[in-house]
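Single-structure report; data block below.
Every read-out reported here was derived from the displayed coordinates using simple, explicitly stated rules and does not represent laboratory data. Source: prediction; values computed, not measured. We place every Cβ from the backbone using ideal geometry, glycine too, and count neighbours over all the protein chains shown.
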4 protein chains.
Amino acid sequence: MHFFSDNATPVCPQVMAAMAAADVADHGYDGDAWSARLDGAFSDLFGTPVRALWVATGTAANSIALACLCPPYGGILAHEESHIMVDECGAPGFYTHGASLMSLPGDGAKLSPETLIERLKAIRPDVHQIPARAISITQASEYGRVYTPEEVAAIGEVARDHRLDLHMDGARFANAVAHLGCHPGDISWRAGVDVLTFGCVKNGGMVGEALLFFGSQADARASEAARWRKRGGHLLSKGRYLAAQILAMLEDDLWLRNARAANAAAAALAQAVPDRLLHPVEANELFIRLSSAEAASLRAQGFDFYDWGEGAARLVTNWAQDAGAVQPLADALRSLA
Amino acid sequence: MHFFSDNATPVCPQVMAAMAAADVADHGYDGDAWSARLDGAFSDLFGTPVRALWVATGTAANSIALACLCPPYGGILAHEESHIMVDECGAPGFYTHGASLMSLPGDGAKLSPETLIERLKAIRPDVHQIPARAISITQASEYGRVYTPEEVAAIGEVARDHRLDLHMDGARFANAVAHLGCHPGDISWRAGVDVLTFGCVKNGGMVGEALLFFGSQADARASEAARWRKRGGHLLSKGRYLAAQILAMLEDDLWLRNARAANAAAAALAQAVPDRLLHPVEANELFIRLSSAEAASLRAQGFDFYDWGEGAARLVTNWAQDAGAVQPLADALRSLA
Amino acid sequence: MHFFSDNATPVCPQVMAAMAAADVADHGYDGDAWSARLDGAFSDLFGTPVRALWVATGTAANSIALACLCPPYGGILAHEESHIMVDECGAPGFYTHGASLMSLPGDGAKLSPETLIERLKAIRPDVHQIPARAISITQASEYGRVYTPEEVAAIGEVARDHRLDLHMDGARFANAVAHLGCHPGDISWRAGVDVLTFGCVKNGGMVGEALLFFGSQADARASEAARWRKRGGHLLSKGRYLAAQILAMLEDDLWLRNARAANAAAAALAQAVPDRLLHPVEANELFIRLSSAEAASLRAQGFDFYDWGEGAARLVTNWAQDAGAVQPLADALRSLA
Amino acid sequence: MHFFSDNATPVCPQVMAAMAAADVADHGYDGDAWSARLDGAFSDLFGTPVRALWVATGTAANSIALACLCPPYGGILAHEESHIMVDECGAPGFYTHGASLMSLPGDGAKLSPETLIERLKAIRPDVHQIPARAISITQASEYGRVYTPEEVAAIGEVARDHRLDLHMDGARFANAVAHLGCHPGDISWRAGVDVLTFGCVKNGGMVGEALLFFGSQADARASEAARWRKRGGHLLSKGRYLAAQILAMLEDDLWLRNARAANAAAAALAQAVPDRLLHPVEANELFIRLSSAEAASLRAQGFDFYDWGEGAARLVTNWAQDAGAVQPLADALRSLA
């Protein structure tokens, strides 16, 4: 049983079925019937007008989002361990044509209003220094931590006060909503988020994430984003298969049901090893203390996962698991002690 | 029956089956078993060592290819009606960080050695002018014309003489090989092509084209291309589904069989209206003289296609058709006269 | 006596004196007393509010201007022989992050409204094609031809009708005004020009051109330009020496007096060889038919200039000459026949 | 008497004289007699073959240097308070097309081998992370600290061991050499520096810094740099005036004499307030504790300088001062206590 990554998991059956249903002749690019339904579907889900574009990957979604918010001479405040900072080989710098990622610390890979304000104060408003133009936060964070609606709103307020835009990397947005039990709008547009990368692939999709624009500038930004999408080579010629996947995720709250299953699996594992946890488990990732001998023992029992530096490991659960499915690993973890 | 574009066509069954077969847990990105087989599969097909990368789209494949061949201050010689020039919203300029596309004329959207040489002569070798660094040709061309092996080789010779690299946009490479009945190597590496965009989506795929590097610099360029792919957001997290599609296209020469069917359909239509042809039909595209009244009449009979300016139309056949399948349109075309 | 280029000429004495006068301690970059006077000086000269920035070169001025007018995915319509197209090694593509220069023909290196309109019509308004966003014209042109106020206004109207911005490369703007005898506003802001590269170096300066913004967006664009200037490394730390040069050019109409002298010199040469002229002489450049034997003969007499392809030559006069000073060459040209 | 910045100082007389001497007709750009002498002059000075290019500013020199060393997907290790990091509005990101500046701490704005090695260890060698490709150090540092030859060599060794290139921002290189009393080669090419920004403007020049390439790749990099220079708009059309300034700085060791004077002035001030120093004074900058009352008192006596945060000030001496000239400030500082 593998706990490498939610990327390593198969596609969920409803998504496969949706692609089969879309396997008909239709107009190319985003001129098809499925793509045309995206704006409406996301507007319904979020309870506000939304402009939605599919793109091939989360890296593309994040980068295009940031390119719409920040000029080449601007800066984007983000956590020093965020995906855009350390795992995208500079893709945001590519799409923004050289904007700077401004690295900030924070517990659990989360940013705090205080850290943001302190950093913003240190920037001289002259032409020699890079002006901050956007904040990017990750929900759930790289360490599986979840911002509450109040925490997002507090950051949204910092953004508004400093005339910055706010981007949310929601590769695991579903897991965050599942954890909080809130309305998706509560941690996005109602809390000041301007652009959201709504992740699907880690949550059961095959190819395709949704890039969502909220607010009064949504139309202008979506038009701009459509240009970056084309220039980035992300306007797939058979886009209906992407749109169909995303729509399938929204149908009957599949996105939430999948995330709840993954979260429940992670919670079950966390309960097994409360003393080993390096971070509270709020989504579908566990970071635990684990000696190399212990890791070897687990692997010998058929459990696969990544080491996380010396003496630690990362375990990621997924939509295809739930509390019951991971019981064998929970038991194995318990018997380590 | 639609003749809009090969993009408007469904995915062929073997490709759908291959994705279903790949729907298992495996490592993310290109760390999976399917991606690992690409180099070998293409090396076998082309009869020479090949480095192969999947990317999401032809636009990305072309742009990444050119970024590997041309520095930001360089120029790329291409036909004035080529896809990279008029249909990619400047994507090559994005990936190359501002390299110039040098526009050239040519019958049937094909370049000739003479035109290339004349343009190259006009460039002063000082620092004020943009030095040409690459040639990009399209096989089959935007007008469905096919370069013979000798024609590609003649351009390859111009490239070698001027120390330029040669890229081939092979969105319809399969149709060209099917037309020529040659070995795929005859119009690629043996004729001096350094990098080939090997198209799959127009030929029955869903998402994913192959970017192929030949020759002594293949390894270095593929490593560089892997960086551009990541930075461009094209390193899909579940890459196995792309690799599986591409491998399925190669299995039992599916790529050639699909292309032959599409070509045969186009030939059948061409035979029906020899006097209307604006270009010889060599691949799966027809450009014909057609008055608006005639176009309306065909559409009333259920045939869909795009106008091509005033008094002309473009008809594209696809893998799901063949000579028999398009008989109704052939008949309708004949009865126009 | 050299007729290579106005760049090959020494700096005029008033400019040298101005630099000596500025050789005192003052704040760095553009925080000095001289830089602070630029907006006012140009506003007075043009009879409208102007925002003015010095930059080191005309290439930088043109490129920064275009970066303020055109997004990376946009296009700039310009003459196929314009400086930005053929003599700046892609600098506009660098500063605009990949915008496309859209090449157009035109007599005397001048654009016509008709050519512009025809090209604009051919652009489909979808996301696949590069949208035009700006027009760039050169006054005087690469062939020393001058747009009349009516001609500029006609192009300004095309720009307005198509929601494009209009840039003027005025490396030899002074020569054009001197030729026309008009107010500088007549061929710039009154005729629809949004941004003007006001050339100084060819006209007697050492280092430094002025980038001028007109109209309601002048402030916003100048702020943006200040960022590009810094990022491009053009915010010189001792900017006062540049500002002083530019102010000296404006003092007592030095810019016009210098240009008139150069124009008069060119006119005197043109009168000597009316039958050899390849283009009417309106500024300070002559393009004449000249065999290699004739060129050799002139060079043997001490006249230096550049060949202009086979059987032709370019002669550029400058601020330090006038009709009298070039009499020896005029005589030599006359005696060729 | 001002201690704002060495940029605020007039140009030294020898440089003014050199520009006057160059005020003759010559070929444009870098085709003149002065530019042709640069390689030789710097090769003599450094005792090794050097390729030298003038550019307008230090920001341009640094950025072009880094563009020659680092691809768009690479990273450049530099101090968190270095000029390229905090005072160039992202110019290195512009010229490198998006390379990342990797921020490191270090006493006195100097990097240590240990910090570099630790950071390099943390980079995974996969395609998701940005690979380090260059190190950039500043000599003298932002806090007026000087790397000894041994310290530079130790960093050069880290670079070599990790296949990185080493850039030195030598805006105050002269002050460093003057302090160390070493050969300029000892802290540059002999210690592993590949590219050096040799500063002139802070040291008495008007416009123009030299970009120096050492080693086996010097020719290839200088050719590449010449393209960036042109594309960046830094190939001035009357380049002879820049080359003449730089040559004047080298004549009779003017660069060293100027730097020694500035250093001596700083040393004299340092001796006056040994207990106030925030950093040892090794070049021409003092950072001292100073209450706002004390600062006000000094300003009332006619001494100008910048505050450096709360309770501190920065004082910069320059070529036009020496120990004697700054005696009044030394006295004033002494009497504060």
Fraction of antiparallel bridges per DSSP, segment D:158-306 only, in percent to nearest 5: 55 percent
Entries of A:LYS230/B:LYS121; C:LYS202/D:LYS202; C:LYS230/D:LYS230 with Cα pairs more than 24 Å apart: A:LYS230/B:LYS121; C:LYS202/D:LYS202
Among B:ALA248, B:LEU101, B:GLN321 - extreme Cα towards positive end, dipole of chain B, charges at beta-carbon: B:LEU101
Interchain or long-range residues, amide H under 5 Å from B:ASP165's placed H: B:ALA134, B:ILE135
Largest-first principal axis extents of the Cα set of the protein assembly as shown (Å): 85, 84, 53
Centroid-to-centroid separation of segment A:184-233 and segment A:8-47 [C-alpha atoms, Å]: 15 Å
Linear extension gain, D:GLN14 paired with D:ALA122, 0.36 nm per residue minus alpha-carbon span: 33.9 nm
Angstrom value of the Kirkwood radius, inverse mean 1/r, which spans all Cα pairs in segment C:90-219: 15.4 Å
Expected 222 nm ellipticity per residue - DSSP helices of 4 or more, -39500 (n - 2.57), all of the protein assembly as shown, to 500: -11500 deg cm²/dmol
Cut-off 14 Å between beta-carbons: net charge of the residues surrounding C:ALA176, Lys and Arg +1, Asp and Glu -1: -3
Chain A - share of DSSP beta bridges that are antiparallel (%, nearest 5): 45 percent
Within the protein assembly as shown, percent of DSSP bridges classed antiparallel, to nearest 5: 45 percent
Largest-first ellipsoid semi-axes for segment D:158-295, taking √(5λ) over the Cα gyration tensor eigenvalues, angstrom: 31, 20, 15
Rg(Cα) / (2.2 N^0.38 Å) computed for segment A:254-334, rounded to two decimals: 1.03
For segment B:148-183 and segment B:103-143, distance of Cα centres in Å: 14 Å
Rounded Å value of the spacing that divides the Cα centres of segment A:280-310 and segment B:255-310: 60 Å
Most mobile listed residue (A:GLN217, A:GLN139, A:GLN14) in chain A, GNM with C-alpha springs under 10 Å: A:GLN217
Within a Gaussian network of chain B (alpha carbon springs, distance under 10 Å), most fluctuating of B:ASP44, B:ASP165, B:ASP30: B:ASP44
Label-to-label distance, nm, for residues given as C:MET1 and B:CYS182 (7 Å Cα→Cβ offset): 6.1 nm
Loop GluC sites (Glu not before Pro), segment B:233-337, which have at most 10 other Cβ atoms in a 10 Å radius of their Cβ (DSSP): B:GLU310
Of the DSSP H helices in chain C, those whose Cα atoms cover at least 20 Å axially and whose Kyte score averages -1.0 or more: C:254-272
Distance (nanometres) between label positions extended 7 Å along Cα→Cβ at C:ALA325 and C:ALA312: 2.7 nm
Chain B: most fluctuating residue of B:CYS70, B:CYS182, B:CYS12 per GNM, C-alpha cutoff 10 Å: B:CYS182
Förster-model FRET efficiency, 30 Å R0, B:ARG37 and A:ALA21, C-beta, rounded to 0.05: 0.55
Fraction in percent of alpha-carbon pairs per bin - 10 Å, chain D: 6, 26, 33, 23, 10, 2, 0
Normalised contact order of segment D:190-250, rounded percent, pairs of Cα under 8 Å and 6 or more residues apart: 35 percent
